[in-house]
Amino acid sequence: MCKYLVSGPSTLYGEVKISPAKNSVLTIICASILLAGEVLIKDCPDILDVRVMCEILKSIGATTLWTKEGLTVNTKNIFTTILPKQKTAKIRASFFMVGPMLARFKTVTVSKPGGCKIGERPLDIHLDGLKKLGASIKENEEEYLITANLLKGAKITLRYPSVGATENLILASVFAKGETNLINVAKEPEVVDLCNYLNACGAKIKGIGSQNLTILGVESLCKSISYTPIPDRIETGTFLLLSYLLDSNVQITNINLQNIYDLTKKINNITCKNSGIYVKIYSDKLYIRSKGEKYSLGDFTTSPYPGFATDLHPIMSAVGLGVRGQTKITETVFDSRFMYLKEFAKMGAKFSLNGNTVTIFGKGENIHGAHLVCPDLRGGASLVVASLSAQGDSVIEKVAYIMRGYSQFDKKLQSLGAKIKLIDGDYIDD
């Protein structure tokens, strides 16, 4: 089982390129089922979730090929609508195959999804929407059998702007007869990216980026396309926050400023307290210099986009350990997002948890290295951030969680001078 050995405190210097967004790539891979042809996902990140998704596709007859350009997926010869239980149980995003499988083949059997245990993540919004499109759903303790002889456009109001449900219903509606109106949908950049990708393939989706989408059903999509997904805003935020926390001189390339603007604004506001903080933003990159005393970036409440991303919550908590002042984060999206706090306590962190609000008390001169265990993807990344600013060595176990969403995380950090290395194996064996 692979681990990270991290030595702190580190300083960072150099340039790091952000990978395409994990949550865009995964849904685009699922959407490839609709094309019944070949899709080249340019610069596709080599992360565990993508590998698992490829395994699922290959097990039902698709082919996948990694090249220097990216990942090529061909779904022309899919021969079964039963998704493999052992593989789909590993990754929650596998459930996003339901929409395109139903649209193309009129039936799909899928196990109840896995993924990080970060709180209640109900599927009722997905299933209620599919029913309104004409699907019939049977379930047992382990799986769903979903069928639809004919999908028809419908007006569907989501009770909550769920990203996954929005994407699944978009994918199911592309071939539906007539017009589908999706109301109160998620507006996350990854949803926008999926819509732009589908329109590039020949779909007819209007209202992209708003709370209401209109999808006019088409008979087919193109059979071949290449597409570059948007940059990963969570990876961008992780490197930006880490660069703020540590003494650094870093350029972050391949970014989308709009998707992280509020975060850069927060850091820029600190410059009045510390002249050693400097951020310069270009169209697709930013430069950050961070020296001297660091201060809390304030209070945060997670919420759907354009609010503060729940995936950055643990990272912001790790930053709070090493800065002056208190950092308060209220979690409104996932109710079990706080499992990383148990690991922080091993490092000597001081914090309080009151309901769904955590208060981190910095500055932690007493924060030290420890033997840590990743609780989930973003919680695991927060342990790396905390360890890079702590005194001494940390061993972090179960780093395969991190590798689910960060491409070559340790190597990118090493390129900046961070003291981190992979030990006891590689990420294939975890």
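Extension gain THR107-THR11, at 0.36 nm per residue separation less the Cα-Cα distance, in nm?
Additional length available on full extension: 29.2 nm.
By the gyration tensor of its Cα atoms, with a ≥ b ≥ c the square roots of the eigenvalues, what is the shape of region 260-308: rounded for a/c under 1.5, prolate for a/b over b/c, or oblate?
oblate
As an exercise, use a Förster radius of 51 Å and the Cβ-Cβ distance of SER415 and LYS155 to find the FRET efficiency, rounded to the nearest 0.05. Present the calculation step by step, with values, prior to reporting the outcome.
Details: r = 50 Å, r/R0 = 0.98.
The pair SER415/LYS155 has a calculated efficiency of 0.55.
Taking a ≥ b ≥ c as the square roots of the eigenvalues of the Cα gyration tensor of region 22-227, is the shape rounded (a/c under 1.5), prolate (a/b larger than b/c) or oblate?
Because its axes are fairly even, with a/c under 1.5, region 22-227 counts as rounded.
List the aspartates and glutamates whose Cα sits under 19 Å from the Cα of LYS3, skipping any in the same chain fewer than 8 residues away.
Within the straight-line limit of under 19 Å, LYS3 reaches these aspartates and glutamates: ASP46, ASP49, GLU343, ASP376, ASP393, GLU397, ASP410, ASP424, ASP426, ASP429, ASP430.
Can you give the charge dipole size of the chain about its Cα centre, rounded to the nearest 20 debye, using +1 on the beta carbon of Lys and Arg and -1 on the beta carbon of Asp and Glu?
Computed about the Cα centre, the dipole is about 540 debye.
Would you mind putting 68-78, 22-32, 192-202 in packing order, based on average other-beta-carbon counts within 10 Å, highest first?
Ranking, from highest mean packing down: 22-32, 192-202, 68-78.
To the nearest 20 Debye, how big is the dipole of region 22-227 about its Cα centre, given +1 on the beta carbon of each Lys and Arg and -1 on that of each Asp and Glu?
So the magnitude is around 320 debye.
Rounded, prolate or oblate, given the Cα gyration tensor of the chain, with a/c below 1.5 counting as rounded?
It comes out prolate by the Cα gyration axes.
Would you kindly state how much longer the chain becomes between LYS177 and SER136 on full extension, computed as 0.36 nm times their sequence separation minus their alpha carbon distance, in nm to one decimal?
Computed gain between LYS177 and SER136 is 13.1 nm.
For the pair VAL218 and ASP128, how long in nm is the line joining their label points, each one 7 Å along Cα→Cβ?
In this crude spin-label approximation the distance works out to 3.0 nm.
Kindly flag which residue pairs out of LYS90/LYS206; LYS87/LYS132; LYS22/LYS223; LYS17/LYS85; LYS90/LYS363 have an alpha-carbon separation exceeding 30 Å in this structure. List each step's numbers first, then the result.
Details: LYS90/LYS206 33 Å; LYS87/LYS132 28 Å; LYS22/LYS223 24 Å; LYS17/LYS85 35 Å; LYS90/LYS363 38 Å.
The answer is LYS90/LYS206; LYS17/LYS85; LYS90/LYS363.
How long are the semi-axes of the ellipsoid equivalent to region 42-125, from square roots of 5 times the Cα gyration tensor eigenvalues, in whole Å, largest first?
For region 42-125, the ellipsoid semi-axes come out as 22, 18, 11 Å.
Taking the Cα-to-Cβ direction at SER336 and at THR357 and moving 7 Å from each Cα, how far apart do the two end points lie in nm?
So the two model labels end up 2.5 nm from each other.
What aspartates and glutamates sit close enough to LYS138 to cross-link, taking a C-alpha to C-alpha distance under 14 Å and skipping anything fewer than 8 places away on the same chain?
ASP124, ASP128
With the Cα gyration tensor of region 307-405 in hand, convert its eigenvalues to equivalent ellipsoid semi-axes via √(5λ) and list them largest first in whole Å. Show your work: numbers first, answer last.
Values: eigenvalues 69, 60, 22 Å².
Taking √(5λ) for each Cα gyration eigenvalue gives 19, 17, 11 Å.
Name all residues of region 234-264 having a backbone nitrogen under 12 Å from the label point set 7 Å from the Cα of LYS285 along its Cα→Cβ direction, giving them as ranges.
Flagged as within label range: 250-255.
All of the numbers you see were taken from the coordinates with simple rules; none came from a lab. Computed from a predicted model, the values in this text were never measured in an experiment. Note that each Cβ is placed from the backbone with ideal geometry, even for glycine, and that neighbours are counted across all protein chains shown.
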